[in-house]
Structures are given as C-alpha cells and as structure tokens.
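K.L.:
Following this message is one structure expressed as structure tokens.
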Amino acid sequence: MATPEDAWQAVRIMAQKLTHAAPELSIRNFLVEKMVKDGIGELLVGIRRVDLMGLALTVGMGGTEAELLRDTATILLPASRATIAEAVRSLKLYKLLDGWRGRPQGDVEAAVDAIQKLAQFAISSGERFIEAEINPLIVRPSGHGAVAVDAIMRFV
C-alpha cells in the first residue's frame with residue numbers, strides 16, 4: 001500500500017468481507033501497522049511459568065527452516081543479559097543474523113535488549129504472569145533495532 005488512503009480502503013474491504021462472512025461478529029477496530037521490510041532474520045521469544053521451576057525463557061530462530069530444526073534454547077529466569085545473549089548466539093541458525101556469507105549483520109544487541117526487557121517485565125509481574133510470546137521479533141540491520149511484530153501475554 002502506497003498511501004494512507006490505500007490502507008483505509010483495505011480496512012473497509014476487510015470489514016465488508018467480515019460482515020458478510022460472519023455477521024455475528026462485531027468487529028469495529030483494526031490495527032494497521034507499518035510493514036518492516038528490512039528484516040535480516042526473525043526470532044521467536046517465549047516466557048512461561050513452569051511448575052516448581054519458575055519462569056523459563058525460550059528463544060529460537062523464526063521461520064520455517066527453524067521449525068524443521070527445532071532451533072531453540074531455554075534458560076531459567078532471572079538471567080543476566082550475558083546469559084540471554086549466549087542463548088541467542090547458541091542457536092544453530094544464529095550465523096544468519098551475524099553476517100553469514102556476506103549477508104548484512106543484524107542488530108542482535110537490540111534483540112537481546114528487547115528479550116531482556118520482556119524477561120524483566122515477566123519477573124516484575126510476579127505470580128500474576130503466566131506466559132508471553134513474541135513471534136516474530138524481527139531483527140533489523142545493525143544499528144536499526146529489532147521490532148516485535150506480534151505478541152501475546154496471559155495473566156491470572
């Protein structure tokens with residue numbers, strides 16, 4: 001979409017289709033966001049409360065190849081920034097974020113910062129926190145940050 005009017009037109013079309021397909025739904029709001037086009041790679045980040053253990057942070061490479069490889073690392077929280085960074089760097093496909101074969105290097109430091117902030121939020125939420133997931137966390141080129149595109153959290 002090239003213009004804000006294009007976005008509004010797309011929303012209007014979706015709203016009409018939803019009204020016809022599922023008239024019992026009452027959807028009045030849509031979230032429209034700018035598309036991230038310069039991603040170097042994707043991470044998935046999950047934090048879950050595990051009985052008798054506390055909070056567990058799982059990081060993994062996103063995308064279909066990573067799903068095939070089950071490329072994840074899990075650590076218990078609280079964890080230092082260095083431990084979180086080590087978990088990210090331990091991933092089999094990490095080299096894709098680190099400039100492998102001439103690819104641009106990703107802003108892994110910004111991704112680790114985002115993961116650490118999510119972990120701190122989970123810890124500070126106490127027993128109310130059940131789980132959170134960011135999927136994907138898009139890693140942009142070095143110096144350009146990381147963007148959480150989709151996230152969900154559950155509390156009691």
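K.L.:
Considering Arg101, Arg48, Arg89, which residue is in contact (Cβ under 8 Å) with a residue 60 or more places away in the chain, over 29 Å from Val32 (Cβ atoms) and charged (D, E, K, R)?
P.N.:
After ruling out the rest, the residue left standing is Arg48.
K.L.:
For the condition free of Cβ contacts under 8 Å to residues at least 12 places away in the same chain and closer than 30 Å to Ser124 by Cβ, what is the one hit in Thr72, Thr83?
P.N.:
From the options Thr72, Thr83, the qualifying one is Thr83.
K.L.:
Still on this structure, I have one more. Tell me which helices (runs of 4 or more DSSP H) are completely within segment 34-153 and hold 2 or more residues being crowded, with 16+ Cβ neighbours inside 10 Å and of a type in the set (A, V, I, L, M), or say none if there are none.
P.N.:
Ranges flagged: 81-89, 108-124.
K.L.:
Would you be able to tell me the number of residues in segment 119-140 that are among the charged types (D, E, K, R) and closer than 19 Å to Ser80 by Cα?
P.N.:
Selection size over segment 119-140: 0.
K.L.:
What's the number of the only condition in (1) in contact with a helix residue (DSSP H, G or I) (Cβ under 9 Å, 6 or more places away or on another chain); (2) more than 26 Å from Lys34 (Cα to Cα); (3) among the β-branched types (Val, Ile, Thr) that Ile123 fails to meet?
P.N.:
(1)
K.L.:
I've got another one for you. Within segment 1-22, take every residue that is part of a loop (DSSP other than H, G, I, E, B) and either among the hydrophobic types (A, V, I, L, M, F, W, C) or at pLDDT 90 or above (or both) and give me the one that is surrounded by the fewest Cβ atoms within 10 Å (Cβ to Cβ).
P.N.:
Ala2
K.L.:
Can you name every residue in segment 132-149 that is within 22 Å of Thr64 (Cβ to Cβ) and in contact with a helix residue (DSSP H, G or I) (Cβ under 8 Å, 6 or more places away or on another chain)?
P.N.:
Passing the criteria: Ile134, Leu137, Val139, Arg140, Ala146, Ala148.
The values are calculated or read from the model by the stated rules, or taken from the named source; none is laboratory data. Bear in mind that the values here come from a model prediction, so they are computed numbers and not experimental data. We place every Cβ from the backbone using ideal geometry, glycine too, and count neighbours over all the protein chains shown.
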